[in-house]
Amino acid sequence: MDWLYRISLISGPLPVILTVLGVLGGVWLLGSSVRWYYRRAVPIAGLIALVIMIAVWITVEKVIVPFPDPIEMSIYVWIGIGIYALLLLGPRIKAGGTVAKAALSVVATLLVIVTAATQINLVFAAYPTVGIAFGHDDFDRISLSEVPGPTDPVVTGDPTDTVWKAPEGMPIRGRVTTLPVPGTISGFSARDAQVYLPPSYFTNPRPLLPVLVLMAGQPGKPEDWLQGGKLTATMDAFARDHEGLAPVVVIADGTGSQMANPLCTDSSQGKVGTYLAKDLPAAVANAFQIDTNPRAWAIGGLSYGGTCSLQMATNYPDVYPTFLDLSGQLEPSLGDRQRTVDEIFGGDEAAFVKVNPMDLLATRKFPNSGGVFVVGTDDNEFKPGQQKVYEAAKAAGMDARYLELPGGHSFSVWSAGVEQELTWISQRMGLIS
């Protein structure tokens, strides 16, 4: 079954085949010659689907605004097409008149819905393969209790690769485990972190490895980096090129739940800043044998997580002197500044300014900090903001880099961003020369 699990859902023939089948399904649903069906059922169902689609768009984008990032209109269109197919199913079965045609109508409806889901997935690239779409892990997972304990001695050097040689018997792939990270100091209730341990972690003696903290977007969960982000493949490839060396990657929860948006700061919505700056490093250092020197720590994330990484780098530069901002916002936001100030900071504009990265970059210098700003060439919503923040970071004395990659606001950009900048990050953290 491995060959099936590896089939791509975002490139190659399968998305094309599914789209063609969806079009054929749509033709069947629209193609009945029964007069009442094409004169009444087809236009009425289309009108209802359009009304529902518009209502969903208004609710999400103008009323509730649950996400700081606007959703592409194409997503709503494909949702509307899926609803249209469902609305046509009953009338099409009635118009068909036979069991065979009824079965064909059900299949046609499913094909249209699958095509809509495929097109939505192409926008976000959240499920790159069939295996990931069906929850099949393409990496080795172990329990926390199975992770080997500390070794004595450890291999240290500056950089580490100058004193390290991979021993015989070292695993060829890293492993993933789950780490509960309680909000001991912050009181923040977070979902469990996912931790990637590179091959060299499973040696004795082991090298003292740096830590890269990654965060998902909003909505999102830590597992997103293992699924759409294909993180283990990226890290394993890096380790193969560096004698098994790679950062320990901690995929942390920066929101508390799938839909929450506490804006990665200490507020009435939760002390996320304190959680990431104090609780998380303490829990990681307690669970794993890693380099605790702040120089060896970096933080990054996508979209909300990218914004959060810059917030941590500017508010806690001594904890996270290196960061990776993947398609982050110009500033933390619930949609607009006034709503953000009102709901997160109790209407206190000064409290917002005190922690806002752009304001901090304009008033402070960060000579020991460095980071990368990555954005898709087609991400017109976020690219202008990324360019402005990059310029502000340079002006504040940071060792800043800016990278545009083909694509939009999706994992095709974020995964490539991690892959391309991992060498630079690892050099800053003292892992490789």
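Before moving on, here are some points about what is shown:
- Selection within the stretch 234-262 - open to solvent by less than 30 Å² (accessible area, probe 1.4 Å), touching a residue at least 60 places away in the same chain (Cβ under 8 Å) and aliphatic (A, V, I, L, M): MET235, ALA239, LEU245, ALA246, VAL250, ALA252
- Filter result (open to solvent by 50 Å² or more (accessible area, probe 1.4 Å) and either in a helix (DSSP H, G or I) or within 27 Å of ALA283 (Cβ to Cβ) (or both)) within the stretch 120-132: LEU122, PHE124
- Single match in THR151, THR184, THR203, THR162 (criterion: open to solvent by 50 Å² or more (accessible area, probe 1.4 Å), touching a residue at least 12 places away in the same chain (Cβ under 8 Å) and over 30 Å from THR255 (Cα atoms)): THR162
- Annotation: SER189 fulfils all but one of (1) within 23 Å of the chain's Cα centre (by Cα); (2) hydroxyl-bearing (Ser, Thr, Tyr); (3) farther than 30 Å from SER268 by Cα; the unmet one is (3).
- Flag: ALA313 matches the condition of being in contact with a Phe, Trp or Tyr (Cβ under 9 Å, 6 or more places away or on another chain), at pLDDT 95 or above, part of a helix (DSSP H, G or I) and among the small types (Gly, Ala, Ser).
Table: residues versus (1) farther than 24 Å from ALA133 by Cα; (2) hydroxyl-bearing (Ser, Thr, Tyr).
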{"position": "ASP192", "(1), (2)": "no, no"}
{"position": "SER200", "(1), (2)": "yes, yes"}
{"position": "LEU212", "(1), (2)": "yes, no"}
{"position": "TRP225", "(1), (2)": "no, no"}
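- The residues on offer are LEU231, LEU197, LEU214, LEU209, and the sole one that is within 18 Å of ILE432 (Cβ to Cβ), touching a helix residue (DSSP H, G or I) at 6+ places or on another chain (Cβ under 7 Å), surrounded by 22 or more Cβ atoms within 10 Å (Cβ to Cβ) and not β-branched (Val, Ile, Thr) is LEU209.
- Taking every residue in the stretch 40-52 that is touching a residue at least 12 places away in the same chain (Cβ under 8 Å) and pairing it with any residue that is of a type in the set (S, T, N, Q) and outside any helix (DSSP H, G or I), at least 6 positions away or on another chain, the pairs with Cβ-Cβ distances below 9 Å are ALA41/SER32; VAL42/SER32.
- Scan of the stretch 139-148 for residues that are open to solvent by less than 30 Å² (accessible area, probe 1.4 Å) and either at pLDDT 95 or above or touching a Cys at 6+ places or on another chain (Cβ under 8 Å) (or both), ordered by number: ILE142, VAL147
- Within the stretch 312-332, tally of residues that are under 20 Å from GLY397 (Cβ atoms), open to solvent by 10 Å² or more (accessible area, probe 1.4 Å) and in contact with a Ser or Thr (Cβ under 6 Å, 6 or more places away or on another chain): 2
- Enumeration of residues in the stretch 275-297 that are charged (D, E, K, R) and buried (at least 17 other Cβ atoms within 10 Å of the Cβ): LYS278, ASP279, ASP291
- Some residue of the stretch 412-428 being of a type in the set (Gly, Ala, Ser), at pLDDT below 95, outside any loop (DSSP other than H, G, I, E, B) and over 22 Å from LYS365 (Cα atoms): yes
- Matching residues in the stretch 387-413 - criterion: being under 14 Å from PHE323 (Cα atoms) and open to solvent by less than 20 Å² (accessible area, probe 1.4 Å): VAL389, ALA393, MET398, ALA400
- The listed residue being open to solvent by less than 40 Å² (accessible area, probe 1.4 Å) and not acidic (Asp, Glu), out of SER309, SER268: SER309
- Qualifying positions in the stretch 322-336 - polar (S, T, N, Q) and assigned to a loop (DSSP other than H, G, I, E, B): SER327, GLN329, SER333
- Members of the stretch 128-171 that are more than 30 Å from LEU9 (Cβ to Cβ) and basic (Lys, Arg): LYS165
- Selection count where residues are open to solvent by 30 Å² or more (accessible area, probe 1.4 Å) and either part of a loop (DSSP other than H, G, I, E, B) or in contact (Cβ under 8 Å) with a residue 60 or more places away in the chain (or both), scope the stretch 172-181: 3
- Which listed residue is open to solvent by 70 Å² or more (accessible area, probe 1.4 Å), touching a residue at least 40 places away in the same chain (Cβ under 8 Å) and assigned to a helix (DSSP H, G or I), from VAL114, VAL107: VAL107
Yes/no matrix, rows are residues, columns are (1) outside any helix (DSSP H, G or I); (2) at pLDDT 95 or above; (3) under 30 Å from GLN227 (Cβ atoms):
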position	(1), (2), (3)
LEU24	no, yes, yes
SER33	yes, no, no
LYS62	no, no, no
PRO70	yes, no, yes
GLY82	no, yes, yes
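- Odd one out for TRP164, checked against (1) more than 30 Å from ARG337 (Cα to Cα); (2) of a type outside the set (Gly, Ala, Ser); (3) not in a loop (DSSP other than H, G, I, E, B): (3)
- Of all residues in the stretch 383-431 being under 30 Å from LEU9 (Cα atoms) and aromatic (Phe, Trp, Tyr), the one that is farthest from the chain's Cα centre (by Cα): TYR402
The values are calculated or read from the model by the stated rules, or taken from the named source; none is laboratory data. In this text the structure is predicted, and so the values were computed from the model without any measurement. Every residue, glycine among them, receives a Cβ derived from its backbone with ideal geometry; neighbour counts consider all protein chains shown. The area values use the complete protein model at the heavy-atom level, side chains included, leaving out ligands, DNA and RNA. Shrake-Rupley method; radii C 1.70, N 1.55, O 1.52, S 1.80 Å.
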